[in-house]
1. Is it the case that residue 115 is surrounded by fewer than 16 Cβ atoms within 10 Å (Cβ to Cβ), over 27 Å from residue 42 (Cβ atoms) and within 13 Å of the ligand (Cβ to nearest atom)?
2. Anything in region 35-64 that is within 11 Å of the ligand (Cβ to nearest atom), part of a loop (DSSP other than H, G, I, E, B) and of a type in the set (A, V, I, L, M)? List them, or say none.
3. Can you list the strands (runs of 3 or more DSSP E) lying wholly within region 65-176 that have 3 or more residues being at pLDDT 95 or above and over 16 Å from the mean Cα position of the chain (by Cα)?
4. For the list (1) more than 24 Å from residue 195 (Cα to Cα); (2) near the ligand (Cβ under 10 Å from one of its atoms); (3) open to solvent by less than 50 Å² (accessible area, probe 1.4 Å); (4) not hydroxyl-bearing (Ser, Thr, Tyr), I need the number of the one condition that residue 71 fails.
5. Kindly list, by first and then second residue, each pair from a residue in region 12-40 that is closer than 21 Å to residue 101 by Cα to a residue that is acidic (Asp, Glu) and open to solvent by less than 60 Å² (accessible area, probe 1.4 Å), limited to pairs with Cβ atoms under 8 Å and residues at least 6 apart or on different chains.
6. Filter region 10-25 for residues that are open to solvent by 50 Å² or more (accessible area, probe 1.4 Å) and within 21 Å of residue 90 (Cβ to Cβ) and give the result.
7. Name, by its number, the condition in (1) aliphatic (A, V, I, L, M); (2) under 23 Å from residue 170 (Cα atoms); (3) within 13 Å of the ligand (Cβ to nearest atom); (4) surrounded by fewer than 20 Cβ atoms within 10 Å (Cβ to Cβ) that does not hold for residue 95.
8. Looking at region 187-210, which of the residues that are within 16 Å of the ligand (Cβ to nearest atom) and open to solvent by less than 30 Å² (accessible area, probe 1.4 Å) is farthest from residue 82 (Cα to Cα)?
Amino acid sequence: MNYFERRNRLVNRLLRYEVGEIANPKVIQALRKVPRHLFVDPSQQLDAYKDYALPIACGQTISQPYIVALMSEWLALETEHRVLEIGTGSGYQTAVLAEIVKTVYTIEFHSHLCQRAQNLLDQLGNENIEFRCGDGYEGWPEEALFDRIIVTCRVETVPPQLEAQVKVGGRLLIPVGPEPSQILYAYKKEKNGLKALEKLQVRFVPLLRP
Ligand code: SAH
């Protein structure tokens, strides 16, 4: 079976989850298109279309495909959106977002991962992604406000700067809580603060500080 067939088989499986359903056609189309096997370590390409997280460089992980799908679903993305992502990692979630929205701004703490993701996404022809290497805790004030913010590493509490950089009516997706497991929240930003729309128990790597 080739990678295209493997990928479609994986996506078909993700569509069968009944709780936390993946239904947005734009998300499904992006998952069918982005070649996840190019984002994992070459020695693990045959596992790229199985539904679990895999290790990448710098002690980090490429998220489980279902979690990438669910986070993309819960973001309620629209074509004209500008999205901020904290934790580029392999760049796979970045690529999925970039298939759907106008511009993705992505920040990665480890410069090695940042470079690697940028090279790969450039090679794949993505022109609507802005990269930054460094600490994403403070967000990207020069480009705020964002329609959506997605954080792919866990925090103990929601960083106030990230909350401040989401438009009112926009969404913030973020795993919150200590080890060993956290709650992934889909928040809606309202005038008087964040309102939790969805939640799921998850495990993420921690947000690192300099
Ligand atoms: N969506 C990515 C997930 C990578 S894991 C993927 O599927 O590949 C989370 C990433 O967050 C790691 O690469 C880690 O280095 C990064 N990270 C941790 N702390 C960070 C911070 N303060 N700012 C930006 N990125 C951070």
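1. Details: surrounded by fewer than 16 Cβ atoms within 10 Å (Cβ to Cβ): yes; over 27 Å from residue 42 (Cβ atoms): no; within 13 Å of the ligand (Cβ to nearest atom): yes.
No; evaluated as a whole, the condition is false for this residue.
2. Start the filter on region 35-64 by keeping residues that are within 11 Å of the ligand (Cβ to nearest atom), which leaves 36, 39-40, 53-64.
After this cut, where a residue has to be part of a loop (DSSP other than H, G, I, E, B) as well, the list is 39-40, 53, 56, 60, 63-64.
The answer is 40, 53, 56.
3. Working: elements: 82-86, 103-108, 129-133, 146-151, 166-176.
Answer list for region 65-176: 166-176.
4. (1)
5. Going by the 8 Å Cβ cut-off, the qualifying pairs are 21/73; 22/73; 23/73; 24/73; 27/73.
6. Taking region 10-25 as the starting set, the residues that turn out to be open to solvent by 50 Å² or more (accessible area, probe 1.4 Å) are 12-13, 15-19, 21, 23, 25.
The answer is 13, and nothing else.
7. Exception for residue 95: condition (4).
8. Taking region 187-210 as the starting set, the residues that turn out to be within 16 Å of the ligand (Cβ to nearest atom) are 200, 202-210.
Remaining after also requiring open to solvent by less than 30 Å² (accessible area, probe 1.4 Å): 202, 204.
Numbers: 202: 26, 204: 24 Å.
Only one residue tops the list, namely 202.
The values are calculated or read from the model by the stated rules, or taken from the named source; none is laboratory data. Keep in mind it's a predicted model, so treat the numbers as computed, not measured. Ideal geometry is used to build each Cβ from the backbone, glycine not excepted, and the neighbour counts take in all protein chains shown. Heavy atoms of the whole protein, side chains included, go into the accessibility calculation; ligands, DNA and RNA do not. Shrake-Rupley method; radii C 1.70, N 1.55, O 1.52, S 1.80 Å.
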